[in-house]
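Trainee: Questions regarding the structure given below will be posed in turn.
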Amino acid sequence: MKWDEAAETAQELIPIPPIMAPFARLQSEKIARHKGLDRVTAGVVGETVKVYREFMGKEKFEELKAFLEGRGPAPAMEEELFFSDENALYHIDVCYTKYGENTQEVRNILKDMLQSVKTVCEEERLTEIMADLAPVALHGASRFSVGMTGCPNCCVSPYLKDFGIILQHRVDITDAECTQCGECLKMCFDTALRLTANGPVIDRDKCVMCELCARDCPTGKLVAGKRGFLVIAGGSGARNAKLAAPVERFTTKDRVLTILRNAIGKLRKAQTGDTLKKIIDREGAKALR
Ligand code: SF4
Ligand code: SF4
């Protein structure tokens, strides 16, 4: 599709993380197509801006905008959210939070968790255990994999890792007024939320605890409440791929680390060639509690 020069310039100035820029271009072309246009105009890009502002939340969007306009600092890319240790037979992958996504509060929670997970892996001598379990020459797939995400979007696929830690955000309904603006409905992709004359109602069985509905509620009727962790284990994206199974939902950091120690304990007693996936196939995910 063709692009007007003014549209190209406006597109480059959309305050989004660089990793999202190609998608934002496709979004503009989608909007143009839906309008029956054969080119992207500056007006179309204006609509793309609104779409991303809603998607990313006002706080994050304004932070990036301030940076692009030279009024604020660069979004944080904190070293502590990157794991790299070529002497370890485990790998810990953190979601896009490591590139400055999410709020500082969420980044701090993940930084703290990553540090603790590393400590547990070191204390339990996980590298030696994984080396002893490997049936062939040690290589990348001999590593124990951990995936950590700041929300249930699950970028970095924790469901395909040996051990997954997913931060969950419970949304509370307060006594504040609901103006029926519908902002919350737009953000609930899981149809867990409905609006009644008395305000929002959440189906807790369907809710994945992403907190997106609360993020931009203008009155505070919906607010982010307590946070917890969903722990999953036994996933694999390799041979005989399998999704990790839930071990414990909305649990505390201490419990996450206890479950991790239990998982490593199982591996310590396992036979050559065993993996956490095979152990969970035999014993069930609850055996890690
Ligand atoms: S709960 Fe908040 S976002 Fe949802 S309709 Fe009411 S005021 Fe709007
Ligand atoms: S927290 Fe629950 S109700 Fe709110 S948007 Fe996410 S899934 Fe929907």
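The values are calculated or read from the model by the stated rules, or taken from the named source; none is laboratory data. Small disclaimer: the values here were computed from a predicted structure and weren't measured. With ideal geometry, Cβ positions are generated from the backbone for all residues, glycine too; neighbour counts draw on all protein chains shown. To get the accessible areas, we keep the full protein, side chains included, count just its heavy atoms, and leave off ligands, DNA and RNA. Shrake-Rupley method; radii C 1.70, N 1.55, O 1.52, S 1.80 Å.
Trainee: Please find, within segment 227-243, the residue that is farthest from the chain's Cα centre (by Cα) out of those that are under 17 Å from R261 (Cα atoms) and hydrophobic (A, V, I, L, M, F, W, C).
Mentor: Checking each candidate, the answer is A233.
Trainee: Another question about this same structure. Given the conditions (1) open to solvent by less than 80 Å² (accessible area, probe 1.4 Å); (2) hydroxyl-bearing (S, T, Y); (3) closer than 30 Å to K221 by Cα, and given that Y96 satisfies all but one, which numbered condition is not satisfied?
Mentor: (1)
Trainee: Only one of these conditions is not met by V40: (1) modelled with pLDDT under 95; (2) crowded, with 19+ Cβ neighbours inside 10 Å. Which number is it?
Mentor: Of the numbered conditions (1) modelled with pLDDT under 95; (2) crowded, with 19+ Cβ neighbours inside 10 Å, the odd one out for V40 is (1).
Trainee: Determine whether segment 206-220 contains at least one residue that is within 10 Å of ligand 1 (Cβ to nearest atom), of a type outside the set (G, A, S) and modelled with pLDDT of 95 or more. Let's see the steps before the verdict.
Mentor: Going residue by residue through segment 206-220, those that are within 10 Å of ligand 1 (Cβ to nearest atom) are 213-220.
Filter once more, keeping what is of a type outside the set (G, A, S): 213, 215-219.
Still in the list and also modelled with pLDDT of 95 or more: 219.
Yes, the conditions are met somewhere in segment 206-220.
Trainee: Same structure again: Quick check: is even one residue across segment 58-72 buried (at least 16 other Cβ atoms within 10 Å of the Cβ), under 28 Å from K111 (Cα atoms) and among the hydrophobic types (A, V, I, L, M, F, W, C)? Walk me through it before giving the result.
Mentor: Of the residues in segment 58-72, the ones buried (at least 16 other Cβ atoms within 10 Å of the Cβ) are 60-61, 63-65.
Imposing the further condition that a residue be under 28 Å from K111 (Cα atoms) reduces the set to 60-61, 63-65.
If we keep only those that are among the hydrophobic types (A, V, I, L, M, F, W, C) as well, we get 61, 64.
The answer is yes, given that some residue of segment 58-72 is buried (at least 16 other Cβ atoms within 10 Å of the Cβ), under 28 Å from K111 (Cα atoms) and among the hydrophobic types (A, V, I, L, M, F, W, C).
Trainee: Let me ask another. Would you check which residues across segment 235-281 are among the hydrophobic types (A, V, I, L, M, F, W, C) and not in a helix (DSSP H, G or I) and list them?
Mentor: A238, A241, L243, A244, A245, V247, F250, A270, listed by residue number.
Trainee: Take L138 and decide whether it is within 16 Å of ligand 2 (Cβ to nearest atom), over 15 Å from the mean Cα position of the chain (by Cα), open to solvent by 60 Å² or more (accessible area, probe 1.4 Å) and in contact (Cβ under 8 Å) with a residue 12 or more places away in the chain. Reasoning before the result, please.
Mentor: Values: within 16 Å of ligand 2 (Cβ to nearest atom): no; over 15 Å from the mean Cα position of the chain (by Cα): yes; open to solvent by 60 Å² or more (accessible area, probe 1.4 Å): yes; in contact (Cβ under 8 Å) with a residue 12 or more places away in the chain: yes.
No: the conditions fail for L138.
Trainee: Scan V223, V231, V256 and give me the residue that is over 30 Å from A137 (Cβ atoms), open to solvent by 30 Å² or more (accessible area, probe 1.4 Å), of a type outside the set (S, T, Y) and out of contact with any His (no Cβ under 7 Å at 6 or more places or on another chain). Working first, answer last.
Mentor: Values: V231 fails: open to solvent by 30 Å² or more (accessible area, probe 1.4 Å); V256 fails: open to solvent by 30 Å² or more (accessible area, probe 1.4 Å).
That would be V223, the only listed residue that is over 30 Å from A137 (Cβ atoms), open to solvent by 30 Å² or more (accessible area, probe 1.4 Å), of a type outside the set (S, T, Y) and out of contact with any His (no Cβ under 7 Å at 6 or more places or on another chain).
Trainee: For E105, work out the one condition from (1) more than 16 Å from ligand 1 (Cβ to nearest atom); (2) at pLDDT 95 or above it doesn't fulfil.
Mentor: Result: E105 fails condition (2) only.
Trainee: Further question: Counting just the residues of segment 207-236 that are among the β-branched types (V, I, T) and within 29 Å of I279 (Cα to Cα), which one comes out nearest to ligand 2 (Cβ to nearest atom)?
Mentor: My answer is V208.
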